[in-house]
Amino acid sequence: MDLNAFERKVRYDDVRFVRFLYCDTSGIIRGKSVHIDKLVERARGGIGLTVAMPAMNMLDQLQPVEGLGPVGEVRLVPDIGSYTRLPYAPHSASMMANMVTLDREPWGACARNFLERMIERARQAGVVIEAAFEPEWSLAVRKEDGSCVPVDQSLCFSTVGWEASVGVIDDIVAALEAQGMPVEQFYPELGHGQQELTIRHATALRAADNHVRYRDTVRAVARKHNFVASLAPKPFADQAGNGCHIHLSVWDASSGRNLMAVEGKPNVLSEFGRAWVAGVLSHLPGLVALTAASYNSYRRLKPHMWSSAFGCWGFDNREAAVRIASVLWDETKPSLNMELKPSDNSNNPYLALGGLIAAGLDGVDKKLAPGDPVSVDPGALSDDERARRGIRRLPKTLAEAVDALERDDMLMRALGDILSRTFLTVKRSEAAAFGAEDEAFELAHHFYKF
Ligand code: GLU
Ligand code: MG
């Protein structure tokens, strides 16, 4: 779109500040904003950003990453197609931004560009990726002493929980819809105060952009209602964790066919789909560093919590890391898709989805086989039986996951030099920082920041 026409549209929206947003190495959403009077210049030339920012961990402790220090600048250049007015903030709008070098090249530390590169890799393989993030989160009230408690003690899918949150949910849905995110389902989930509100799948980049917007929207609207919403993986140690499973389907770029499905056989995974899943399983130990990316994530990934703790796949198996979801009866297109369960809202959705695409494509490329689907709770099998079936425990800590990522040559190469070095350093610093503190410190920081 012509930038002057764009500026007229933004003025018509009565916007004063436009935020240029990015999700950082830690999974934190950050950005800078520009006043409408300077929008055209900054939309074209970007807003300046110190090269140090990707080396910042979630405690704002700058980590020693070569090249990411106090000297040097990049530009935050917005994707104008991602412009949305923010219904929860006065005179405000946002755009998702890429980090671009002063030579106008995509910067190696830019997570959004990593996803773009993986989408391009998929395009070269002749496929298009559709994805949906399926977020769960906790609604809480702040007590006078500053601590937060769940808004209800409701049971799973119980109508009692519905009444506790109906007003704020209605406002959140309105705000999501106003930003062009079609809402699919809502229900009170298992944990006290836990909510699940899903939006429709979209092409990969759009899905990740949507999820960034979603996280901001939920927190902001809850705040207006004097609630606190937390999307942390395990905000309350004694309650069910908040997953953000990633649903993904792969479509033939020329025929528009769902490559995971088999014509006329609704719940059969195609050869292509099997190779894709095998790729995901083969990279899972390192991949979870990208998808379950915070220290708090590993408090969630435990057996028998429906969050998955083992690297296996199964049809409608909610304890398997990869669930093949049975198709819905009345979809116009075959809806067979894979769901990655060891994923939560503390990840950077661009890194998580990009890594997942790289892993799936690798399986297709190498024609890998995923082994037999598992039709029991893998956590209920003996160690011997799991070993016999080749079912491995997922990393139990962030530090283990990051080590596994470092050993995964394919993922490291896909991330590229700067992003991989930065990610390993930042995440290791978080593992060390939270490892040195108590549970209350960990919960408080993750509760507030996600
Ligand atoms: N809360 C579960 C998790 O941590 C997911 C429950 C479900 O929707 O199956 O992933
Ligand atoms: Mg759920």
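The values are calculated or read from the model by the stated rules, or taken from the named source; none is laboratory data. Keep in mind that what you see is a predicted model, and the values were worked out from it rather than measured. We place every Cβ from the backbone using ideal geometry, glycine too, and count neighbours over all the protein chains shown. Ligands, DNA and RNA are stripped out before the accessible areas are found, and what is left, the full protein with its side chains, is counted by its heavy atoms. Shrake-Rupley method; radii C 1.70, N 1.55, O 1.52, S 1.80 Å.
Look at where the Cα atoms of segment 36-62 and of segment 303-348 average out, and the two centres are 35 Å apart. For Phe310, the residues 5 or more places off, or on other chains, whose built amide H falls under 5 Å of its own are Ala321, Leu394. Taken one residue at a time, the phi angles of segment 7-17 give Karplus couplings (6.51, -1.76, 1.60, θ = phi - 60°) of 4, 4, 5, 5, 5, 4, 6, 6, 9, 9, 10 Hz. Gly and Pro are set to x. How would you classify the chain from its alpha-carbon gyration tensor, with a ≥ b ≥ c the square roots of the eigenvalues: rounded for a/c under 1.5, else prolate if a/b is greater than b/c, otherwise oblate? Here the chain falls in the rounded category.
Highest mean packing first, where packing is the average number of other Cβ atoms within 10 Å per residue, the peptides 276-283, 112-119 line up as 276-283, 112-119.
Note on Gln185/Val71: beta-carbon distance plugged into 1/(1 + (r/R0)^6) with R0 of 60 Å gives a FRET efficiency of 0.80. Rounded to the nearest 0.05, the FRET efficiency derived from the C-beta distance between Arg30 and Lys224 at R0 = 25 Å is 0.70. Taking amide hydrogens as placed 1.01 Å from N in the peptide plane, the amide H of Val127 sits under 5 Å from those of Ala253, each at least 5 positions away in sequence or on another chain. Working from Cα pairs under 8 Å separated by at least six residues, relative contact order for segment 153-259 is 21 percent. Here the simple spin-label model places points 7 Å from the Cα toward Cβ, and for Lys333 and Glu163 these points are separated by 4.2 nm. For Asp365 and Ser255, a Förster radius of 22 Å and the Cβ-Cβ distance give a FRET efficiency of 0.65, rounded to the nearest 0.05. Full extension of the chain between Asp2 and Leu155 yields a length gain of 49.9 nm, computed as 0.36 nm times the residue separation minus the alpha carbon distance. Ligands, DNA and RNA left out, the 1.4 Å accessible surface of the chain is 51% carbon and sulfur atoms. For the peptides 63-70, 104-111, 389-396, the ranking by mean Cβ contacts within 10 Å, running from highest to lowest, is 104-111, 389-396, 63-70. Dipole check for the chain: with +1 at the C-beta of Lys and Arg, -1 at the C-beta of Asp and Glu, and the Cα centre as origin, the magnitude is about 740 Debye.
Taking Ala414, Ala43, Ala432 as the candidate residues, the one with maximal mean-square fluctuation in a Gaussian network model of the chain, Cα springs under 10 Å, is Ala432.
Any idea of the accessible area per residue across the chain, 1.4 Å probe, to the nearest Å²?
With all protein chains present, the chain gives 42 Å² per residue.
Label-to-label distance for Arg142 and Glu385 is 4.8 nm, based on points extended 7 Å past Cα in the beta-carbon direction.
The gain in end-to-end length when the Val376 to Asp14 segment is fully stretched comes to 124.8 nm, 0.36 nm per residue minus the alpha carbon separation.
Its Cα gyration tensor gives segment 119-235 an equivalent ellipsoid; the semi-axes, largest first and in whole Å, are 30, 14, 13.
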